[in-house]
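The structure under discussion appears below in the form of C-alpha cells.
We did not get these values from a lab; they are worked out from the coordinates using the rules stated. Since the model is a prediction, treat every value here as computed from it, not as a measurement. Cβ atoms come from the backbone with ideal geometry, glycine included; neighbour counts cover every protein chain shown.
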Amino acid sequence: MTIAGFKSRLLPAIAASFPDAPLEVEERRATVLQARVRIDEETLVDVYFNSLTGKTSYTLVRGEQRVLGYDNYRFWHCHPFGRPQEHIPCDEPAVEDVIAEMKEAVERLWE
C-alpha cells in the first residue's frame, strides 16, 4: 500500500473516532507516515506506516505505557487492552477497525 492509500483510510477513521483531538501527521522520505492523536495530556494514539517495508503499528498510550496495540513486527499480532504485554497472533486488521477499537478503549479508560 502507498502512503496516500494508507492516509486515505487513516484520516477519516481518526476524524470519525476522535473528531476533537489534535492530530499531527508527518511524512518522511516519501515512504514513512507517522500520525499522533493527542486525546488528553497523558493519552495518545500513535500510528506508524512504512510503505517500503510494510511495517505498520498502532499504539494507544497512556502515561507513557502501551494500553492497546497492533503491529506486524515479525507477524501480525495484538497487544490487547488490559494485557498489553501479550502478543496474540491475528490477521492484518483494517485501519478503521483498529481506530474504532482504540476509541472504545479510551472510553473504558475514562469510566
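Here are the numbers:
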item	result
Sparse-neighbourhood loop sites, chymotrypsin sites (Phe, Trp or Tyr not before Pro) in segment 4-111 - DSSP loop, at most 12 other Cβ within 10 angstrom	Y73, F75, W110
Listed residues P93, P12, V32: farthest to the positive end of the dipole of segment 7-111 (Cβ charges)	V32
16 Å tail of the calculated P(r), segment 3-109, as % of Cα pairs	55
Rough spin-label spacing in nm, given labels placed 7 Å along Cα→Cβ, for V25 and E64	3.0
Convex hull volume of segment 60-111 per residue (C-alpha atoms, cubic angstrom)	73
Helical mean residue ellipticity (222 nm; -39500 (n - 2.57) per DSSP H run of 4+; nearest 500) of the chain	-9000 deg cm²/dmol
